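Below: one structure, written as structure tokens.
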Amino acid sequence: MTPNHKEPRLRESGGLPGDIPVLAVAGTHSGSGKTTVAIGLMAALSRRGLTVQGFKVGPDFIDPGHHRAVTGRESHNLDGWMMTRDANRDLFLRGLQDADVGVVEGVMGLFDGVSGGDEKGSTARMAKDLGVPVLLVVDARSMARSAAAVALGFARFDPDLTLAGVVFNRVGSRSHAGMLEEAMKAVPDLPILGCLPREEGLEIPSRHLGLVTAEDHVLDAERADRLARWVEKSLDLDRLLDDAPRFRASPPATRPPGEKTVRIGLARDEAFCFYYAENLRLLEAEGAELVPFSPIRDRELPDGVCGLYLGGGYPELHCETLSANRGMKRAIRSFVREGGTVYAECGGFMYLMNTIQDLEGRTHRMTGLFPFEAVMEPRLRSLGYREIMTTQDSPLGPAGTRARGHEFHYSRMKPGEEEPRCIYAVTGRGSREETTREGFLAEGALGSYIHLHWGSNTGAARAFVEACAGARG
């Protein structure tokens, strides 16, 4: 078997050796418990007084929110399809600034990515690109010796991948742990770093679009403490930290002094909470001052804003409150009519439509900037990676601007009598319902179901800041 301790590739590719240990947490499959283990590991390291930096492989918004809840730091999405290898590496090293340790949570199963034929977009590919070893989480329910066979298969599947070791999850008893340890003697080069007991009430609750978000406050101090103690009792943290490769963080980018600040309102509450941290960082690097506001609670927009960014989330769960807040809806309509610039994605786009119809068939009036109705359905309507190219000038830049992102929603868009300009030419991967009707422009408002990662084209963030600054003088 290939040895499991190697020099990290990042050092060979221009990275600098440092003193920040980093490891990745990956599962054999979705549902193996890797998110619970990763969050528990972050919580346990934080309890030691360490500053922990979280990362998430893939386009998911919910897990990074839980990372933030236990570490107190924004977690960053790394994605091998939406961004280049160099862009991911740069984001990774910048994210480690002022951190004591880094934890990268994987996506799906370790080797799962964009397709079944290659490793693009997978945790394995990202771990190799960064030079980070993988802690493999194996769900050991109803398994004993077979668990060693699973671990052996993962260890041998890709000889270029470094596995730090294996942790068995949902272990039923001490005797079960003993059987797993005995079975793993057949895989001597892959150490067992922990047997985590099955414990009720630890995992984050789910809803129709995945886990419950951090904004719902399910990961309170008590649950985080339980997760930390669960990991501390059963995982060899000292060995993990001692064996992990070290990295040196990149210095933070600074904006030249004297540049004008552009105030941009950022919708952020329980209904609108899906933002890539890198998108927000890029806006700030281009001169934006992001001013949070709540479409649920606030009646007016923040003073002095010349642009609005409405991200995704769960507006369908807050339809009545959003609909009843007529002051905010009126303020946004007036803002656009007076020349303001708005960028809205998925849930934010739904909020700017005429109405949202919930799963009970009730219709709730929304802002009315786009003549559509968002109709919630019990089954997933669209899922997959997307690349867009604008067909005319927009707040994202000139015609021909390209960017990559991800689409994931349960609602369908029902057109009205009139339709605003459609300005995205879209190519997709993995969609159940391919569409070319995306990216709608109504006056200064651009709305779409697609969550764009501006790390795929940093010029889009620059263009949006410039559009906000120019639209209102």
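The values are calculated or read from the model by the stated rules, or taken from the named source; none is laboratory data. Quick caveat, the model's predicted, so the values are computed rather than measured. Quick reminder, even Gly has a Cβ in these numbers, built from the backbone with ideal geometry, and neighbours come from all protein chains shown.
Would you mention how many residues in the stretch 150-164 are buried (at least 18 other Cβ atoms within 10 Å of the Cβ) and either of a type in the set (Ser, Thr, Tyr) or outside any helix (DSSP H, G or I) (or both)?
5
So which of 373, 345, 377 ends up being in contact with a Ser or Thr (Cβ under 9 Å, 6 or more places away or on another chain), surrounded by fewer than 24 Cβ atoms within 10 Å (Cβ to Cβ) and under 23 Å from residue 452 (Cα atoms)?
Values: 345 fails: surrounded by fewer than 24 Cβ atoms within 10 Å (Cβ to Cβ); 377 fails: under 23 Å from residue 452 (Cα atoms).
Step by step, each of 373, 345, 377 is checked, and only 373 is in contact with a Ser or Thr (Cβ under 9 Å, 6 or more places away or on another chain), surrounded by fewer than 24 Cβ atoms within 10 Å (Cβ to Cβ) and under 23 Å from residue 452 (Cα atoms).
Which residue, of 183, 177, is part of a helix (DSSP H, G or I), touching a helix residue (DSSP H, G or I) at 6+ places or on another chain (Cβ under 6 Å) and assigned by TED's automatic domain parsing to the domain that holds residue 20?
Details: 177 fails: touching a helix residue (DSSP H, G or I) at 6+ places or on another chain (Cβ under 6 Å).
Matching residue, one of 183, 177: 183.
Kindly indicate the residue of the stretch 442-473 that is part of a loop (DSSP other than H, G, I, E, B) and at pLDDT 95 or above and also farthest from residue 332 (Cα to Cα) among those meeting that condition.
Kept after step one, since they are part of a loop (DSSP other than H, G, I, E, B), are these residues of the stretch 442-473: 443-444, 449-450, 457, 472-473.
Going one step further and asking which of them are at pLDDT 95 or above, we end up with 449-450, 457.
Working: 449: 19, 450: 21, 457: 27 Å.
Taking the candidates together, the pick is 457.
Residue 400: modelled with pLDDT of 95 or more, in a loop (DSSP other than H, G, I, E, B) and either acidic (Asp, Glu) or surrounded by fewer than 22 Cβ atoms within 10 Å (Cβ to Cβ) (or both), yes or no?
On the way: modelled with pLDDT of 95 or more: yes; in a loop (DSSP other than H, G, I, E, B): yes; either acidic (Asp, Glu) or surrounded by fewer than 22 Cβ atoms within 10 Å (Cβ to Cβ) (or both): yes.
Spelling it out, residue 400 is indeed modelled with pLDDT of 95 or more, in a loop (DSSP other than H, G, I, E, B) and either acidic (Asp, Glu) or surrounded by fewer than 22 Cβ atoms within 10 Å (Cβ to Cβ) (or both).
If residue 426 satisfies every condition in (1) of a type in the set (A, V, I, L, M); (2) out of contact with any Asp or Glu (no Cβ under 7 Å at 6 or more places or on another chain); (3) not in a loop (DSSP other than H, G, I, E, B) but one, which is the exception?
Among (1) of a type in the set (A, V, I, L, M); (2) out of contact with any Asp or Glu (no Cβ under 7 Å at 6 or more places or on another chain); (3) not in a loop (DSSP other than H, G, I, E, B), the lone unmet condition for residue 426 is (2).
Which of the residues that make up the stretch 60-91 are of a type in the set (Val, Ile, Thr) and either on the phi > 0 side of the Ramachandran plot or surrounded by fewer than 19 Cβ atoms within 10 Å (Cβ to Cβ) (or both)? So that I can check it myself, show each step before the final result.
Here is the first cut: in the stretch 60-91, the ones of a type in the set (Val, Ile, Thr) are 62, 70-71, 84.
Within the stretch 60-91, just 84 meets the criteria.
Have a look at 231, 291 and point out the one that is in a helix (DSSP H, G or I) and β-branched (Val, Ile, Thr).
On the way: 291 fails: in a helix (DSSP H, G or I).
Within the list 231, 291, the selection yields 231.
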